Amino acid sequence: MDQTTFIYAAFSLLLAALISCYTVLALFSPPLIVPAENDKKYRSSKARSKPLPLPSIHDTPEVDLTVVIPAYNETERMPSMLQSTLAHLKSSDCSAHTYEILIVDDGSTDGTSDLSLKLAVDNPDVDIRVVTLSKNLGKGGAVRHGMLYGRGRRVLMVDADGASRFEDLDLLWAAMDKLVEKEKPAIAVGSRAHLVKTEAVVKRSLLRNILMYGLHTILRIVGVGHIRDTQCGFKLFSRRAAQQIFPYQHLPTWIFDVEVLLLAKQLHIPVAEVPIQWHEVSGSKLNVVTDSLQMLRDLLILRANLLLGRWKVPAPSDE
């Protein structure tokens, strides 16, 4: 084989490998989620049997805060979490704010929607809206859905397990006030980084610690090493930030937080990382083997799509 033939063969193999990698990437990359028509409706204490249409995140805000709670088979853990949430929202600390709670049932099989509606009926003085997704999307898909249909000037995502102390919303709110003017895009994320060497983390399950340390290493490579805790399920978004980010979020799995923060970084949206109180709650749905592999796969897909420009987020308008 002469030199020219060798170079041509090597180039052909390289080209074939690149085409194969791109094909695999395209096949494994999730498309933007298109909600079913029924997913765009909600039930509440005032609309139990006939669901009403949800508003859009692009509409004019009607309340100060939307609390988005993604829920998948959470009949055991959500009642106590919602009780502490309502206690704080009804307290004097939040008396100056109007709010709504948007529970997004991610295709549960244990009656989570029925329980959520009962909780709404038991608290008629609070606007609790229940959305039942037609199929299970994953935590990222449920959060995205809630973010796209909230009415709040600010939108908080909070896990249904109650692991984060809801009173720490005040800390996130104050951090966002210091970050930007009220109507500007901004994010305040709850962080457990300060707890790494405390009993709250040292004595928690081996599963979570394995995932935590492995994830931190990968995140530095991916590009969000500036955020010490990307996965805490307690994040506050200004309405403008939600409008700019969530329509372009692809990942529906539990690692979606990383994509959201990378999109924020691309858009130059400021992010405040705020230490909060946290405790482990039993009943985690993570599997150390399958979820670690899924995490690695999704992070590779995310980084490749962003580098190749397949997943783009448009520059915000000046409006």
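The values are calculated or read from the model by the stated rules, or taken from the named source; none is laboratory data. These numbers come from a predicted model, not from an experiment. Here the Cβ is made from the backbone with ideal geometry for all residues, glycine too, and neighbour counts use every protein chain on show. Calculation scope for accessible area: heavy atoms of the full protein, side chains included, ligands and nucleic acids excluded. Shrake-Rupley method; radii C 1.70, N 1.55, O 1.52, S 1.80 Å.
Determine the share of the chain's accessible area contributed by carbon and sulfur atoms, expressed in whole percent, with a 1.4 angstrom probe.
Looking at the chain in its full context, I get 58 percent from C and S.
Considering only DSSP beta bridges with both partners in the chain, what is the antiparallel share in %, to the nearest 5?
Bridges in the chain that DSSP calls antiparallel: roughly 35 percent.
Relative to the compact-globule scaling 2.2 N^0.38 Å, provide the ratio for the alpha-carbon radius of gyration of the range 1-53.
2.61
Per DSSP H run of n ≥ 4, the term is -39500 (n - 2.57); total these for the chain, divide by its residue number, and report the mean residue ellipticity at 222 nm rounded to 500 deg cm²/dmol.
Numbers: 10 runs with 128 residues, N = 319.
After summing the helix terms and dividing by residue count, I get -12500 deg cm²/dmol.
Pull out the extension gain between Q83 and A17, defined as 0.36 nm times the separation in residues minus the alpha carbon to alpha carbon distance; nm, one decimal.
Value of the extension gain: 18.3 nm.
Please give, to one decimal in nm, the separation of the simple spin-label points placed at K118 and Y8, each 7 Å out from Cα toward the Cβ.
Roughly 7.5 nm, to one decimal.
To make sure I understand the rule: partners must be aspartates and glutamates, Cα under 17 Å from the Cα of K46, and not fewer than 8 residues away in the same chain. Which ones qualify?
Straight-line reach from K46, under 17 Å: E100, D114, D122, D125, D127.
Tell me, in nm to one decimal, what length is gained between S91 and T217 on full extension, where the rule is 0.36 nm per residue of separation less the Cα-Cα distance?
On the way: separation 126, 0.36 × 126 = 45.36 nm, distance 4.04 nm.
Computed gain between S91 and T217 is 41.3 nm.
Using alpha carbons only, how many degrees (0 to 90, rounded to 10) separate the axis of helix 78-89 from the longest principal axis of the chain?
Rounded to the nearest ten degrees, it is 70.
Would you mind checking which residues have amide H under 5 Å from I101's amide H? H placed 1.01 Å from N; only 5 or more apart, or other chain.
When sequence neighbours closer than 5 places are left aside, the close amide H contacts are V67, D127, I128, R129.
Students often check this: by mean Cβ neighbours within 10 Å, which of 85-91, 55-61 ranks highest, and how do the rest follow?
85-91, 55-61
Can you give the accessible area of R77 in Å² (nearest 10), computed on protein heavy atoms with a 1.4 Å probe?
40
Rolling a 1.4 Å sphere over the protein heavy atoms, what is the accessible area per residue of the range 34-308, to the nearest Å²?
44
Based on the alpha-carbon set only, what is the convex hull volume of the range 34-308 divided per residue, in Å³?
Values: hull volume 34.4 nm³, N = 275.
Enclosed volume per residue, from the Cα hull, is 125 Å³.
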